[in-house]
Structure formats: C-alpha cells, structure tokens
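**Q** One structure, as structure tokens, below. Some questions next.
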Amino acid sequence: MKGLLTLIKLQKHKLDELRRDLARLDTQRANLEKTSQRLREELERESALAIEDFFLTRNFGQFAMKISQRRAGIHDEIRQIEEWMDLLRDQIADAFGEQKRYEIAYENRKRREREELARREQMELDDIGMRMHEEKRKIPPAH
C-alpha cells in the first residue's frame, strides 16, 4: 500500500508542476496581450498627432507599419502560447485521471483490508461465543 501512496504523491507533484507551468504561460499570454494593447494605443495617439503635424505625417506610415508588424509578432506568440496551454491542459487532464485511478485503487485496497480485519474479528468473536456456549453446556446445573 505504501507504493500506492508514493505514486499518489508523485502524481500530485507532477500535477502541481503542470498547473504551475500553465499559470506561467497564462501570465505570459496576458503580458503579451497588454503589450499589444499598449502598442495599439500608442498607434492611435501617434495617428492623432500625425494629423496635426506634417513632419510626423511623413514618417507615420513607416511607424505604423513597424507597430503593425510588432503586434502581428505578438499575436503569433500568443497563438503559440495558447497551443502550448492546450497541450498542458490535456496533460493535466491525463495526470488528474491517473491520480484518481491511484487514489481509487488505494481506497479499494484500504476497504478490502478493513473488510478482512472485520471478517477476522467476527470469526474470533464467533469462536469465543462458540467456546462459551460449549462451556455452558459442560457445566452441570447447580442444585
């Protein structure tokens, strides 16, 4: 039974590690989304300024293209991270299922041991009861 407890602990550790990895990826994705949002806002601000300033207008197209390329790169990174997150979720589901199987096996083994102990105790009590009954039958009645 100790082996099952060890497997359960190892599986819990593996599951915790996978969940931490998923949380790290989620944080990375959120940071990239914030960066993309900031770039979009910066592009909007620069666009408003370019309308008012001829010098900025001449260079705005190149600036806008660089921002657009950077945002596209960020969105590619986000898609890659989401693919990794999907893989991790699958691994988490598998690891959780495996942990549950170990826990069920452990509980079943404990239940069988309790049942066996109860059966043995009942057999002992039955044996004691039979001996007491036999002893009563052997004692002659008192006059």
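**Q** For the range 63-81, enumerate the residues that are under 19 Å from Ala48 (Cβ atoms), in contact with a helix residue (DSSP H, G or I) (Cβ under 9 Å, 6 or more places away or on another chain) and not hydroxyl-bearing (Ser, Thr, Tyr).
**A** So the first thing to find is which residues in the range 63-81 are under 19 Å from Ala48 (Cβ atoms), and the list is 63-68, 71.
Applying the additional criterion that residues be in contact with a helix residue (DSSP H, G or I) (Cβ under 9 Å, 6 or more places away or on another chain) yields 63-64, 67-68, 71.
Result: Phe63, Ala64, Ile67, Arg71.
**Q** Report whether or not Leu15 is of a type in the set (A, V, I, L, M) and at pLDDT 90 or above.
**A** yes
**Q** In the range 13-55, how many are over 30 Å from Tyr102 (Cα atoms) and among the acidic types (Asp, Glu)? Before the answer, list the steps.
**A** Of the range 13-55, the ones over 30 Å from Tyr102 (Cα atoms) are 27-55.
Within this subset, residues satisfying the condition of being among the acidic types (Asp, Glu) are 33, 41-42, 44, 46, 52-53.
Looking only at that region, the number is 7.
**Q** How many residues are among the acidic types (Asp, Glu), over 43 Å from the mean Cα position of the chain (by Cα) and surrounded by 10 or more Cβ atoms within 10 Å (Cβ to Cβ) when one looks only at the range 36-64?
**A** Qualifying residue count for the region: 2.
**Q** Are any residues in the range 88-129 hydrophobic (A, V, I, L, M, F, W, C) and surrounded by 13 or more Cβ atoms within 10 Å (Cβ to Cβ), and if so, which ones?
**A** Quick first cut of the range 88-129, residues hydrophobic (A, V, I, L, M, F, W, C) only: 88, 92-93, 95-96, 104-105, 117-118, 123, 125, 128.
Across the range 88-129, the qualifying residues are Leu88, Ile92, Ala95, Phe96, Ala105.
**Q** Any residue in the range 19-32 that is hydroxyl-bearing (Ser, Thr, Tyr), modelled with pLDDT of 95 or more and surrounded by 15 or more Cβ atoms within 10 Å (Cβ to Cβ)?
**A** Checked against the condition, which is being hydroxyl-bearing (Ser, Thr, Tyr), modelled with pLDDT of 95 or more and surrounded by 15 or more Cβ atoms within 10 Å (Cβ to Cβ), the range 19-32 yields no hits at all.
The values are calculated or read from the model by the stated rules, or taken from the named source; none is laboratory data. Quick caveat, the model's predicted, so the values are computed rather than measured. Positions of Cβ are backbone-derived with ideal geometry, glycine not excepted, and every protein chain shown enters the neighbour counts.
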